[in-house]
Amino acid sequence: MEICKPAFEMAADTPEEKSFVFGLLSKRHQQLQSSSVRHKSTIQYATRPDLPKLAYSKLKGKSPGVVFLPGFASNMGGQKAEALEEFCKSLGHSYLRFDYSGCGLSEGEMGNYNMGAWKKDVLYVLDELVEGPQILVGSSMGGWLMLLAALARPEKTAALVGISAAADHFVMAFNALPIETKKEIEEQGFWKFPTKHNVEGFYTLSMDFLKEAENHCILQSPIPVSCPVRMIHGLKDSDVPWHVSMQVAERVLSSDVDVIFRKHGLHRMSEKDDIKLIVYTIDDLIDKLTTLG
């Protein structure tokens, strides 16, 4: 395990930003938040034999802890990830956010990795970097990975919170293309997957990536996950259809499942009210799990 110097100050450093973070917290926690001592977030690197170093930021605290799983081509420095760190800090609960292999501050080139590699990253985090059952919060592709992790490590999964969950998304989107378009892509060996989230307007996905992703599809049969599950999705999501969250809710075997739609919510769910909803959802789960425990 390798630790470097503090890399950045957390987002809520101005009075306005602090006010925003305070507003995310339920009333019963605000006194605790206002009296807490702020620390710089430190980026650490997990060294793994024959695998790239994983960059992560960790807060020690009470159980259940929270682990944030970012989306495709995203990283642990986003608004949701940082707001959740502030929230967990205010409660004294543990929290970990990290970058997948080839993404953000982790080693490697993104194009060299796939769903299977990123699943291994998540399992490594659960096995080696956190203690006890965790609430997994997965954004977009992270929502797919959280389900795969829950299947592989049920004993380390206290609850799931999917945000615009993209379960099976790349595969379903490819399969929905016209036959001729799919043939052209297969001949080229790659697909320029449309996106609004980068300058180019597309992500380049290799056919090898897509074929490997098929091994991790989960929506065609029941999903044997029994922990509490919360799915949050925006009805204005133009990247991942909201009905994917409904499919997940229908497939999981857990009886404790809620689906929450935001009428004007977009894919990234990073508006202030979106983040408030995410925080309140996690707050409620912590209450539930603590009471049950």
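The values are calculated or read from the model by the stated rules, or taken from the named source; none is laboratory data. Everything quoted here is computed from the prediction, not taken from an experiment. Glycine also receives a Cβ, built like all others from the backbone with ideal geometry; neighbour counts cover every protein chain displayed. For accessibility, only protein heavy atoms count, side chains too; no ligands or nucleic acids. Shrake-Rupley method; radii C 1.70, N 1.55, O 1.52, S 1.80 Å.
Has region 182-195 got any residue that is of a type in the set (Val, Ile, Thr) and closer than 25 Å to Phe87 by Cα? Checked region 182-195: no residue is of a type in the set (Val, Ile, Thr) and closer than 25 Å to Phe87 by Cα.
Table: residues versus (1) of a type in the set (Asp, Glu); (2) touching a helix residue (DSSP H, G or I) at 6+ places or on another chain (Cβ under 6 Å); (3) over 21 Å from Pro228 (Cβ atoms).
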{"position": "Gln79", "(1), (2), (3)": "no, no, yes"}
{"position": "Phe87", "(1), (2), (3)": "no, yes, no"}
{"position": "Tyr95", "(1), (2), (3)": "no, yes, no"}
{"position": "Ser101", "(1), (2), (3)": "no, yes, yes"}
{"position": "Met110", "(1), (2), (3)": "no, no, yes"}
{"position": "Tyr124", "(1), (2), (3)": "no, no, yes"}
{"position": "Asp127", "(1), (2), (3)": "yes, no, yes"}
{"position": "Val130", "(1), (2), (3)": "no, no, no"}
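Selection of region 171-185 for residues being in a loop (DSSP other than H, G, I, E, B) and either touching a Gly at 6+ places or on another chain (Cβ under 9 Å) or over 22 Å from Ile218 (Cα atoms) (or both) yields only Pro178.
Residues checked against (1) more than 22 Å from the chain's Cα centre (by Cα); (2) part of a strand (DSSP E or B); (3) under 25 Å from Thr157 (Cβ atoms):
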| site | (1), (2), (3) |
| --- | --- |
| Glu187 | yes, no, no |
| Trp191 | yes, yes, no |
| Ser226 | no, no, yes |
| Met231 | no, yes, yes |
| Lys236 | no, no, no |
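Residues that are over 27 Å from Lys120 (Cβ atoms) and either part of a helix (DSSP H, G or I) or of a type in the set (D, E, K, R) (or both) are absent from region 162-170. For the condition closer than 17 Å to His243 by Cα and of a type outside the set (A, V, I, L, M), Gly132 does not qualify. Within region 234-249, the set of residues being more than 15 Å from Val161 (Cα to Cα) and open to solvent by 60 Å² or more (accessible area, probe 1.4 Å) comprises Leu235, Lys236, Ser238, His243.
Condition check ((1) in contact with a Phe, Trp or Tyr (Cβ under 6 Å, 6 or more places away or on another chain); (2) in a strand (DSSP E or B); (3) modelled with pLDDT under 95) across all residues:
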site: Val244; (1), (2), (3): no, no, no
site: Glu250; (1), (2), (3): no, no, no
site: Ser254; (1), (2), (3): no, no, no
site: Ile260; (1), (2), (3): no, yes, no
site: Arg268; (1), (2), (3): no, no, yes
site: Leu277; (1), (2), (3): no, no, no
site: Asp283; (1), (2), (3): no, no, no
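Filtering Leu219, Leu205 for residues that are over 30 Å from Thr290 (Cα atoms), assigned to a strand (DSSP E or B) and of a type in the set (A, V, I, L, M) leaves a single hit, Leu205.
Residues in region 217-233 that are buried (at least 17 other Cβ atoms within 10 Å of the Cβ), more than 16 Å from Gly142 (Cα to Cα) and of a type outside the set (A, V, I, L, M): Cys227, Pro228.
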